[in-house]
Amino acid sequence: MNQDIAFYWHATSLGAELGSLGPTVKALGGQPEDLLVMELNTKQRYATCHLVDVSTEGLQRLKALTGISDEPDVQSALAAAIGVEKSELRAALRSRGDDDLIPLLPGDATVVESQQPDTTASQ
């Protein structure tokens with residue numbers, strides 16, 4: 001399904017101008033809690049969009065948010081994409097303000113708040 005999105009990035013501008021994303025989100029069946037991920041191809045002048053459902057968790061969410069879906073080692077692919085060594089990935093994500101991706105990394109010991117077990121019910 002194609003939905004046109006108007007966006008402009010003038011050579012003299014400090015930022016892009018972007019048309020309304022509401023019709024695109026609606027056409028994709030999105031809900032207010034979902035995330036719209038846009039990939040801008042400035043050379044060929046088009047954008048691709050997809051929705052990340054609010055219920056998508058873990059590695060699938062990481063893949064949906066980053067676009068790294070067919071790599072066997074997601075951490076290495078993500079590290080290469082942002083120009084750091086795999087061992088530096090978590091620190092680099094923190095310094096970029098991408099802390100929300102860290103708990104989604106395979107083998108991360110951090111528990112995402114929404115995934116913590118409810119211990120109050122058994123007390």
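What follows draws every value from the coordinates through simple rules; no lab data is involved. Since the model is a prediction, treat every value here as computed from it, not as a measurement. Cβ sites come from the backbone with ideal geometry, for glycine too, and all protein chains shown count toward neighbours.
Summary table
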quantity	calculated
Candidate lysines for bridging to K86, where Cα separation is under 23 Å - those fewer than 8 sequence places away on the same chain excluded	K63
Loop trypsin sites (Lys or Arg not before Pro), region 23-69, which have at most 11 other Cβ atoms in a 10 Å radius of their Cβ (DSSP)	K43, R45
Theoretical FRET efficiency, 1/(1+(r/R0)^6), r = Cβ-Cβ of A92 and A27, R0 35 Å, to 0.05	0.50
Largest to smallest principal axis extent of the C-alpha atoms in region 33-100, angstrom	33, 32, 25
T48/L18 FRET efficiency (R0 25 Å; Cβ-Cβ; nearest 0.05)	0.95
